[in-house]
Each structure stands twice: as structure tokens, then as C-alpha cells.
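Just so you know, all these numbers are worked out from the coordinates, no wet-lab data involved. No experiment lies behind these values; they were computed from the predicted model shown. Cβ coordinates were reconstructed from backbone atoms using ideal geometry, including for glycine residues, and neighbour counts include every protein chain displayed.
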Amino acid sequence: MAGKITQRANRARTVIKRATILPLLVRAGVAVAFFGAMTVAWPVSVVVSCWMVLLAVAAIYPAFAPRGRGVTIVLIIAVGGWILDTTWYDARIALWRVLAIATLTYAGHTLAALAAVLPYDAIVNADVVLSWAGRAGLAVLGSAVLTVIVLGLTSDLAGGAFLVATLVGLAAAVGLTLLLARLLRRP
Amino acid sequence: MSATDSPTLRAAVPPTEAVADDGWAQPAWVPTRALGRTVLITGLLLVLGVALGRVDLVLLAAPFAIGAAVALRRMPRFAPELSIEADEEHIVEGGNVRAGLTVANPDVITYDLVVVRARTSPWLELEDADRPHAIKVAPDGWTAVDLSGRATRWGRQDVGPAAARVAACGGLLACRPVVIPAQGVRVYPETEPFAATEAMPAAAGLVGNHRSRRPGEGGELAGVRPFAPGDRLRRIDWRVSLRTRDLHVASTLSDRDAEVLLLLDVLGEAGESGGVKGKASVLDTTVRAAAAIAEHYLQRGDRVSLAEYGSSARRLRPATGRRQYLTVLEWLLDVRADTGEPNSEHVFGAHNVSSDALVVVLTPLVDPRAADMLAGLVQSGRYTVAVDTLPHDAAPPPSGPWTSLATQLWRMERENVLGRLREHGVPVVDWAGAGSLDLVLRDVARLASAPRGR
């Protein structure tokens, strides 16, 4: 037991000694994005309580283990907080919150995908991170435009939200099926 | 680091994954956990959106779906091509080495991230070679990673094996690691300055640079004697002839070449190797001294041959000239401590040595078989000089309270062996660069000039 602890301590020392700045920044980005998503998604009463410590720990965990299932769990926790706030606490679905949660969860997800393949001690060309961030920015921008249009549309069609959601959901489900089918035909 | 250990290479490169033995090759590109996460989150949000009638949940899934759709619009088909470029010029230890890794992208999409890493020999101080390098490679293009540095020890030093792992489509697809074998860099030993001014004990050939003890055609003046039939006219010493009123010729000693056999004792390795400017192990001293002695005698026009005293019993035939010097250096790169069975037969014996050759045995005199071999050579009448290559601070690693005492006993026993060898007429000298062998060569030459009545 003591041997294992010493081994882990030595490993941690080696990691700290060898870590380079860009992989460190990417992992910090993962932690910041998920922490932000948690803060925006969960109800204010939870955010200001001591429960936030647990949420913060959960948000930071993927930065240390970006290859594990922690990222998926954190995403589900953030979405769960959002559903809890809008159903149990009956909070209003504000455009800025939807935009912020979508942006922050996706940013955390894509940065975790980068951190998963980027060794902590790698010497990284800056253009790798910049182009990665650029692509993520484009996806976020596209979805933001979609969010603004769709949320505007649903407010115009007051009371018809269920129908619109059903239609959009079905269309997206078909699109997702097509995407999966294409992946199966990968080389 | 002890030179006896195998070079410790950083375990940075994943092992080559074996192709499935049923003949089905694994696909080069595989989905990552990020792709699974994208599909899961998107599907979950869509299902919840549909079930709860919530547009906002569908919109939360939008960046995941858009990002995946944009990233996967074109799929990679080919694995990356990785290559190692290593210096092929003559590098002497302490010199600069240029090496590099090149990743080529034969595909039509950009490789968003290529993590390339290489193991390198611990005796190559290459800049950032112990770290992975993350680069981006454009479609149909290539990117190189420079690994220049310095070679700190002689030998065949490896750059590689190297491995590259590629992530494409925004990290949703990854390539299985591409691993390529190592490329060797030849690092020649630094020859310590060496000069032996003493005569060779026995010069054998017809031409060469050593003055022999026999009169003949040469440059060294032996004396003046009366003219005799057969003498060349250009040998007439006119000044003496005029004074004595009789023809006299200047007689010279003939110039001869000699054969030098460098016998390298590789039965064991001891001491710590610290590279070119650090401590020298037995093999370091052996190889550097052999290179220096060979260079010296080859420059003087002698024939030099090399042999290993060990289970492999490698030999290099005697030859002369610069080409032989380069061959000697190349041959020395493969000198390794003998890891064979202790009872293996050594094919080397006095019968392998020319009777006129000067045998320089580079030995740490740790193995009793080496002392026996030396005594055998001297008994068979070979001109033998032993160079002690054991470092002064060589000692076994401490393994208990008795280690130091045991080391002292071992050193006393070794001194005893050295003394007995000297009694048998084997001169043993420490290697100290220039002039190391002068004193003993003079003694050996004196012995050689004496009649060999046996």
C-alpha cells in the first residue's frame, strides 16, 4: 500500500516536472468549460450552496482523465442540472443560458477529445491547438445561429413547442441514424 | 549508467500490435471515445427533447451533431507514412548528430494531430527526443521533426524505433500506431593521442618505415664501409672516398614494416561509462586505445590486425593504409562485452598469431582465462604487451557489509596475478595515451634482439 502511494507520488512528481504548457492549457480549458457549464446549468440555489464543491470536483475531474468516461458523466450531469432547473425549479428557458450551456459543454467535450490524444509532456505546434479551437468555434457558431432562430421560432409559435420539438427531434434522429450508417462504412 | 546494462530506452513507443492471426487485418482507423460520446450525448438529448417536448434540449445537442457532421464529411483512408532520417556521415563521439522524423500524409484530409515519438540511444543527446511531438500534417504533404544533438559515446547508436499516432476528423477517428524500426548512427571512437617512438621488436616485410637491425636499402645510416661489387654507385660516400683514396659506400639499415595484432579482451565489462568526457569503462578504454594504436601504426605503414578474445572470436585480417583504418573503426563499433557461456571454447590461440607480430593485448585482467592466454602467448615466443584497461575506481556494486572487504581481497589477488605475469615476462602497462607503450616496447625490442634459443 505504502509502496503504491510512493509510486503514485513519484509519478505525480514526474508529470509535474515534464508537463508542457500547451497540453496543460488544453486541460485547463476542459476544466474551465465544464465548470462554467455546471455553473450555468444548475439552479442558482445549488450553485451557491456547498453542493457546488461536488459539482466543481466533477467538472475538474475530466481535465485529469480526459480519456475516461468522466467526460460523458460530466456532460450528463450538466444536462441533468439544466433539466432539473427548468422542470423542478421551473426556471425560464433563457436564450443566453441555452447558448452558454451548448457552447461550454461542446467546448469541454472537444477539448477533452484533444487532451485525450495529446500527451501531457508533448511539444506541441501552436497551429494544432489553434486549428482545433477554430473548428470548435465554427461548430459553436453554427449551433448558436440555429439556437437563436429556433428559439425565436418557438416563441412565435407560442404553445406549439411540443410539435416543433417533435419534428426537429425526429429529423435529427434520422440524421443521426444516417451518420451512424456512414460510420459503419468507414474504410 | 553502467555500460554493462543494456541501454535503458524510454518506454515511450507502444509495442507493435500484431495483425490478427486469422488473416483479417485490423482497420487502420478506429473511432475514438470522443465519437462514442458525441453519438451518446446527441442521441440522449434528442430522445429527451422528443420525449419531454423540449426544443432547448435538441439545441443543446446541436453543436455535437454539427461538429460531428462537419468533421466526418470526409473520412481518412490511408495510414500515415513515418520515416527516420539519421546522419550517415562520419561522426566521432562528442560530435554533432543530425536526425529527424518525417510524417507524410498520403490522404485527402488533414491530419489534425499527429503524435510522433521515438526511442533513442541514451548515448545520443538529441534535443527533446525523449518527448512526444504533436504536429499537424496537411493533405498530400509532410512535416518533419528535427532531433539534432550530440553523440556522447562510440558505437552503433539507435534513433528509433519511432511511432506515430494520428487523430483526424476533430479527434473522432484515430489511427492505430504506426511503428517503424530504428536507424543506426555510427559513432566512431575518439582516438586518444598516441605515439610510440620505439622500434618495433620484429619487422617482417620488405618495405616499411621501421629501421631494422639488418643492413639494406633504407634511410637510416648504419655506417661507412669499403665499396664491394654489387653496391649502387649512388651509395658512394665521396667525402670519405676522397679522404681515404679508396671507394667507400654509406651503408643503411633496411626499412621494414611490421604486423601489429591488437587483441581485445571482451570477456567482461567493468566500470561506469560516462561518455566521451566522462569516466571510461573497460570497453571504452579498450576501444579508444585500440583505435589510437591502430591509427598510429597504420600511419607508419604497418599492417594492423584485430581480434576479440571472447566466445565470438571476431577477427580482422591484417592490412595497411587508410582503408584499413576505416575498417578498424567500423570493426570496433561492434565490440560488445561477451555474454556467452563461461565455458565456451575460445578459438584464439598462439597459433593464430604470426611469429613476428607485435601482440598488444588490451585486457582488464579480470578473467583468469585472459592471464592464461597472455602467459601462453609469451611462452610461445610472441612479442606481447598487455595494456591494463581496468579503471582505477572499478568495484562491484555494494551488496552487503562484506562487499568492500571482498573487493580489497579481489584487488590483492589481481595484483598477485599481475606480478606473476611480469615474472613470466609479460609487460603490463596502464593505458595513458601518448607514450604509453614506449617503455615496454623498448624492453620487448631488447628481448627481440637477443638470440631466441629455445
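Stretching the chain fully between A:Arg67 and A:Gln7 yields a gain of 19.5 nm (0.36 nm per residue, less the alpha carbon separation). Taking the charge dipole of region B:276-397 about its Cα centre, with +1 at Lys and Arg Cβ atoms and -1 at Asp and Glu Cβ atoms, the residue from B:Ser355, B:Val366, B:Pro391 reaching farthest to the positive side is B:Ser355. Simple point charges give the picture: +1 on the Cβ of Lys and Arg, -1 on the Cβ of Asp and Glu, and for region B:82-124 a dipole about the Cα centre of about 200 debye. Reducing region B:33-112 and region A:1-77 to their Cα centroids gives an inter-centroid distance of 23 Å.
Distance between the C-alpha centres of region B:232-246 and region B:133-186: 77 Å, rounded to the whole angstrom.
In this simple spin-label model, placing a label point 7 Å from the Cα along the Cα-to-Cβ direction at both B:Arg243 and B:Arg420 gives a separation of 5.8 nm.
For the pair B:Ser148 and B:Arg225, a Förster radius of 51 Å applied to the C-beta separation gives a FRET efficiency near 0.20, rounded to the nearest 0.05.
Each Lys and Arg adds +1 at its Cβ and each Asp and Glu adds -1 at its Cβ; summed about the Cα centre, region A:1-67 shows a dipole of about 520 debye. With both labels modelled 7 Å from their Cα along Cα-to-Cβ, the B:His351 to B:Glu81 distance reads 5.6 nm.
Where in region A:36-94 are there chymotrypsin sites (Phe, Trp or Tyr not before Pro) that are in a DSSP coil and have at most 12 other Cβ atoms within 10 angstrom of their Cβ? Within region A:36-94, the qualifying chymotrypsin sites (Phe, Trp or Tyr not before Pro) (loop, at most 12 other Cβ atoms within 10 Å) are A:Trp88, A:Tyr89. Modelled spin labels at B:Glu127 and B:Ile236, positioned 7 Å past Cα toward Cβ, are 7.3 nm from each other.
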